[in-house]
Amino acid sequence: MIEKTNVMRIFDRMKIPYRIYTYEGGALSGTEVAAQLCQDCKKVFKTLVTVSKSLRYYVFMIPVAAELDLKKAASCVGEKALSMLKSKELLPLTGYVHGGCSPVGMKKYFPTVIDRSALHCDTIIFSGGKIGYQVETTLGDLQRAVKTAVGDLIVGTADGETKTCATGDAADGFSEKSGRAY
């Protein structure tokens, strides 16, 4: 039986359809998670938390094989500059640990922007709020759960395209449970 996370409970309460994926191995890189789930890196997103000089916090979601362009990110939220939040500050601020941070269910809402490449995905996969758990839903359903803007956020691309990584049959190499049917 899969343990429900806050993300899953919020989706259940809001009647948001989602699929649960689990993986072994602890805190892996995003591309390692995508490979374990046999999913394209373009649809698996990581959640990054930043801070401005004025101590305002922002959440960004980008494909796992991409790198956040801090200048583009700052521009998206109307700041001059941003820096990545230190790992030790993540848990007290968000309630999540590094490797298990989700934009859904943080202790407090922070302005959230997802890379525009998500617009080209039928569904996106992101942290389920605990290491070893990922959830899949549509961008629209994510935006129902968390007010999320869309912007150009990644390094080296003017058009939101990202690198790809290995994909495979979704039935191989991981545990899967559907929260609700699509």
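For the reader, a short list of remarks on this structure follows.
- Using every pair of distinct Cα positions in the chain, the Kirkwood expression returns a hydrodynamic radius of 16.3 angstrom.
- The range 109-154 shape via C-alpha gyration tensor axes, a/c threshold 1.5: prolate
- In this Cβ point-charge picture (+1 for Lys and Arg, -1 for Asp and Glu), the chain has a dipole of about 940 debye about its Cα centre.
- Charge tally in the Cβ shell below 11 Å around Val33, where Lys, Arg are +1 and Asp, Glu are -1, Val33 excluded: -1
- Whichever lysines have a C-alpha closer than 16 Å to that of Lys108, once near sequence neighbours (fewer than 8 apart) are set aside: Lys147
- Calculated FRET efficiency for the pair Lys71/Ile2, C-beta based, R₀ 41 Å, to 0.05: 0.55
- Per-residue Karplus couplings for the range 105-117, computed as 6.51 cos²θ - 1.76 cosθ + 1.60 with θ equal to phi - 60°, are listed in order as x, 5, 4, 9, 6, 10, x, 10, 10, 10, 4, 5, 4 Hz, Gly and Pro entered as x.
- Taking Gly140, Gly129, Gly25 as the candidate residues, the one with maximal mean-square fluctuation in a Gaussian network model of the chain, Cα springs under 10 Å, is Gly25.
- The range 49-148 shape via C-alpha gyration tensor axes, a/c threshold 1.5: oblate
- Computed FRET value (nearest 0.05) for Met84 with Leu119, which takes r as the C-beta separation and R₀ as 30 Å: 0.75
- Excluding same-chain neighbours fewer than eight residues apart, the lysines reachable from Lys71 by a Cα-Cα span under 21 Å are Lys46, Lys53, Lys80, Lys86, Lys163.
Every number in this text was worked out from the coordinates using simple rules, so none of it is lab data. The model shown is predicted, which means the values in this text are computed figures rather than measured ones. When we count neighbours, we look across all protein chains shown, and the Cβ atoms used for this are built from the backbone with ideal geometry, even at glycine.
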